[in-house]
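The structure under discussion appears below in the form of structure tokens.
The values are calculated or read from the model by the stated rules, or taken from the named source; none is laboratory data. Everything numeric here is computed off the predicted structure, so don't read it as measured data. Reconstructed Cβ throughout: ideal geometry from the backbone, glycine too, with neighbour counts over all protein chains shown.
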Amino acid sequence: MTEDMSLLEKDKEYVWHPFTQMKEWVEKEEQLIIERGEGIKLYDTEGDEYYDGVSSIWLNVHGHQKEELDQAIKDQLDKIAHSTMLGLANEPATNLAEKLVEISPQGLNKVFYSDSGSTAVEIGLKMAFQYWQQLDEDVGPKDKFITLTNAYHGDTIGSVSVGGIDLFHEIYKPMLFNSLKTPSPHCYRCAFDEERKECDFTCIKELEKMIQECHQEVAALIIEPLMQGAGGMIAAPEGYLAKVRELCDKYNILMIADEVAVGFGRTGKMFACEHEDVSPDIMAVAKGISGGYLPISATLTTDEIYDAFYDDYETQKTFFHGHSYTGNPLAAAVSVANLELFEEENILERMPSKIEMVTDKLEEFEGLEHVGDIRQQGLMVGIELVKDKGTKEPYPWQEKIGVQVCIEARDKGMILRPLGNVIVFMPPLCSTKSQLEDMMEIIYKSIEEVTNDSS
Ligand SMILES: *Cc1c(COP(=O)(O)O)cnc(C)c1O
């Protein structure tokens, strides 16, 4: 039967796509089927090429079909594709753990593997919870979590429980555990009506008030350092992260840094926490870890937390968690090669001038009538479109202004995916300055054309 169907027909018949209203997907005649990638370009089955403007959803680092990464997988495949880490060790996962500890903020000395950002977060939450239960001192129940509004930490029930995006999370409320929410430092739409750069960090003061009242009940605070990603590319003001760390220290709360999106060079340093000299107690990493090649993630933690689980089996302090593909050798091997490329190609050293170029170019966008706010941390950019710049009135979500801009960009040769009314630009870190310029030109023109039509 299926032989007569085209690939796209088969897709529409059998596949349920993530974060996708399938009615829209199925009813729209044309859909791109990506056949291959090369460098920062994607090629579809029609032979058309597109810039990978969001790094295949925030993953890709060195481009597609990167020789060294391809080779690392092939070499590992000649040995073994997968063996379990339950009771056994493997070579690439061990080597990767050593490298991760080397490059991570100070104090993070132990690596627990899983296979997605969501599970890395989930593991961090469970570790933090169990840690306090197994401490000998009486420190209070310590069984709750603090999170920020607009937070995104993944799609599993635990990670959704610490999420703060109503559109994604509201319907699942009855399934979730309660978390305590503090307003995110969203300077363009400040919850306390303060002005950017002139404020008194009221958000931090409010957070401290909340913590003062409930710290004995709180196991950990979880945060996306520097930039809340899926919540709309919300950049925290300088100093916010360090102040959060101070509060966690002062009130004996663990700090979980979700570096899934911002880690591995995205913000210009290997990890975003480094910008403010912060060492979290637990750090979740995924996305860029394998250069965007294979699913693998890690939850790193301190000796102190690790030691609270380290005891005779009879004490029942084991961390009973693990996935079938935990520490997959192919994924670990390509991750090691990814980190080697950071060194060999001086990726981080080459970031500042690229970031500066993007910053300069973004200034031109401010002149556009419907660009309300531009938020950038390294090569992570959000451009918020508004109906009225003066009042910051948003476009009604039904207008799908973000989607419209991305469709326009696609016609101009670039794949983008928006977050509501926020246009996201997350190019692979290997993009050259002229490629960055090219891509930004496409975004500029797409915004200009779509928003001119809409006003
Ligand atoms: C993408 C993301 C996750 C979830 O990662 P998955 O691999 O998609 O499960 C968690 N936290 C942040 C900050 C993310 O951007």
> Can you tell me which residues in region 432-454 are of a type in the set (Gly, Ala, Ser) and closer than 17 Å to Val54 by Cβ?
Replying inline: Ser446
> If the Cβ limit is 8 Å and pairs must be 6+ apart or interchain, which residue in region 114-141 that is closer than 18 Å to Glu304 by Cβ pairs with which residue that is near the ligand (Cβ under 9 Å from one of its atoms) and among the acidic types (Asp, Glu)?
Replying inline: Gly124/Asp258
> Can you tell me which residues in region 253-270 are more than 23 Å from Leu69 (Cβ to Cβ) and either among the small types (Gly, Ala, Ser) or near the ligand (Cβ under 10 Å from one of its atoms) (or both)?
Replying inline: Ala257, Asp258
>> Checking Met127 against (1) farther than 24 Å from Lys269 by Cβ; (2) surrounded by fewer than 21 Cβ atoms within 10 Å (Cβ to Cβ); (3) hydrophobic (A, V, I, L, M, F, W, C); (4) at pLDDT 95 or above, only one condition comes out false. Which one?
In response: (2)
> Taking into account only those residues within region 227-252 that are within 11 Å of the ligand (Cβ to nearest atom) and aliphatic (A, V, I, L, M), which is surrounded by the most Cβ atoms within 10 Å (Cβ to Cβ)?
Replying inline: Met233
> Taking region 389-414 as the region of interest, how many residues are of a type in the set (A, V, I, L, M, F, W, C) and surrounded by fewer than 20 Cβ atoms within 10 Å (Cβ to Cβ)?
Replying inline: 3
> In region 37-58, how many residues are closer than 13 Å to Leu379 by Cβ and within 16 Å of the ligand (Cβ to nearest atom)?
Replying inline: 3
> Which of the residues spanning region 414-455 are touching a Leu at 6+ places or on another chain (Cβ under 7 Å) and either polar (S, T, N, Q) or over 17 Å from Ile383 (Cα atoms) (or both)?
Replying inline: Asn421, Leu429, Thr451
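Quick grid of which residues meet (1) in contact (Cβ under 8 Å) with a residue 40 or more places away in the chain; (2) out of contact with any Ser or Thr (no Cβ under 7 Å at 6 or more places or on another chain):
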{"residue": "Ile282", "(1), (2)": "yes, no"}
{"residue": "Tyr313", "(1), (2)": "no, yes"}
{"residue": "Lys317", "(1), (2)": "yes, yes"}
{"residue": "Ser324", "(1), (2)": "yes, yes"}
{"residue": "Asn328", "(1), (2)": "yes, yes"}
> Within the bounds of region 12-22, is there any residue that is within 17 Å of Cys406 (Cβ to Cβ) and β-branched (Val, Ile, Thr)?
Replying inline: yes
> Filtering region 339-367 down to residues that are among the polar types (S, T, N, Q) and free of Cβ contacts under 8 Å to residues at least 40 places away in the same chain, which residue is nearest to Lys392 (Cα to Cα)?
Replying inline: Thr359
>> With the requirement that a residue be charged (D, E, K, R) and part of a helix (DSSP H, G or I), what does region 379-408 give you?
In response: Glu399, Glu408
> Within region 138-178, how many residues are among the aromatic types (Phe, Trp, Tyr), more than 16 Å from the ligand (Cβ to nearest atom) and either buried (at least 18 other Cβ atoms within 10 Å of the Cβ) or over 27 Å from Tyr251 (Cα atoms) (or both)?
Replying inline: 0
> Can you list the helices (runs of 4 or more DSSP H) found entirely within region 42-135 that contain at least 1 residues being among the charged types (D, E, K, R)?
Replying inline: 67-77, 91-103, 117-134
> When you look at Val111, is it β-branched (Val, Ile, Thr), surrounded by fewer than 17 Cβ atoms within 10 Å (Cβ to Cβ) and more than 16 Å from the ligand (Cβ to nearest atom), yes or no?
Replying inline: no
>> Kindly evaluate Asp75 against the criterion of being in the same structural domain as Met227 (by TED's automatic domain parsing) and either in contact (Cβ under 8 Å) with a residue 60 or more places away in the chain or surrounded by 15 or more Cβ atoms within 10 Å (Cβ to Cβ) (or both).
In response: yes
>> I want to confirm something. Restricting to region 409-449 and keeping residues that are in a helix (DSSP H, G or I) and free of Cβ contacts under 8 Å to residues at least 60 places away in the same chain, which single residue is farthest from Glu364 (Cα to Cα)?
In response: Asp411
> Just to be sure, is Ala151 among the small types (Gly, Ala, Ser) and out of contact with any helix residue (DSSP H, G or I) (no Cβ under 9 Å at 6 or more places or on another chain)?
Replying inline: yes
